[in-house]
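One structure below.
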Amino acid sequence: ILYMLATAVVIFPSLNASVKYLAADYSLVQIIWIRSVVHLLWMTLLFMPGLGFKLFATRRLKLQLTRSLLQLVALTSFVVGLLYIPMTTATAIFFTGPLIVVALAVPLLGERVGIRRWLAVLVGFIGALIIIRPGAEGTHWAALLILASALFYAIYQVLTRRVADHDDFRVSAVYTILVALVVSSIAVPFFWETPVGWLDWLVFGGLGILGGLGHLFVIKAYTHAE
């Protein structure tokens, strides 16, 4: 519970605010690339002294790469959506993700979900519909991107729970960002703009540190509980 609260209440909202700030002046590709580089360096410096090159040894390579791809798609959808709608609205919609996780845990993980949790899922989705207001005048299409981001991130979390039975949580923390790093490294030379001022550099660095910690806490939580 502590790991998930730290992620949902403190880390990811701070991460989203940082992305919103940077997206006004820098490309999505550059934001993802710097976040990915700092994330990987941060996790490597933290865990390689204890694991060595075993930090990159996984028993479920396809599963890890699928997780990493889902994380990239979820991040991209969310950042693009943030360009068009307020962060408060985006955050409210994105918090449907845990409800989707509960719904997917039954068919994909075989976990049991009681009536109270199903009722919570139902109420949560009704709340999401009230926020999104599909078909209402003034509803922005970008809200669907945030909802898609929540869906992809929910599947990512389900796969994180599945891989927890096979790989060390530190290995999963490294693999989380690999696909984003490779894809953005190919594209970033065409979009690079040198950050102006120490504040922008600080926010860019914070993206990787907060992102690494956030995903690490989620992974660690799923090693302990359904």
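From the square roots a ≥ b ≥ c of the eigenvalues of the alpha-carbon gyration tensor of segment 107-203, which class results: rounded (a/c under 1.5), prolate (a/b over b/c), or oblate? It comes out oblate by the Cα gyration axes.
Quick check for me: using +1 on Lys/Arg Cβ and -1 on Asp/Glu Cβ, what's the dipole size of segment 73-226 about its Cα centre, in debye to the nearest 20?
440 debye
Of the residues ILE100, LEU75, VAL188, the one whose Cα sits farthest toward the positive end of the charge dipole of the chain, with +1 on the Cβ of Lys and Arg and -1 on the Cβ of Asp and Glu, is ILE100.
Please label the shape of segment 23-76 as rounded, prolate or oblate, based on the square roots a ≥ b ≥ c of the eigenvalues of the alpha-carbon gyration tensor (a/c under 1.5 means rounded; beyond that, a/b larger than b/c means prolate, else oblate). It is oblate, given that a/c is not under 1.5 and a/b is not larger than b/c.
Expressed in Å, the radius of gyration and Dmax of the Cα atoms of the chain are 17.5, 56. In this simple spin-label approximation, LYS20 and ARG116 carry label points 7 Å from Cα along the Cα→Cβ vector, and these lie 3.3 nm apart. Counting only protein heavy atoms and a 1.4 Å probe, the chain has 51 square angstrom of accessible area per residue.
The values are calculated or read from the model by the stated rules, or taken from the named source; none is laboratory data. All values derive from a computational prediction rather than experimental measurement. We place every Cβ from the backbone using ideal geometry, glycine too, and count neighbours over all the protein chains shown. In case anyone asks, the SASA skips ligands and DNA or RNA and just uses the protein heavy atoms, side chains included. Shrake-Rupley method; radii C 1.70, N 1.55, O 1.52, S 1.80 Å.
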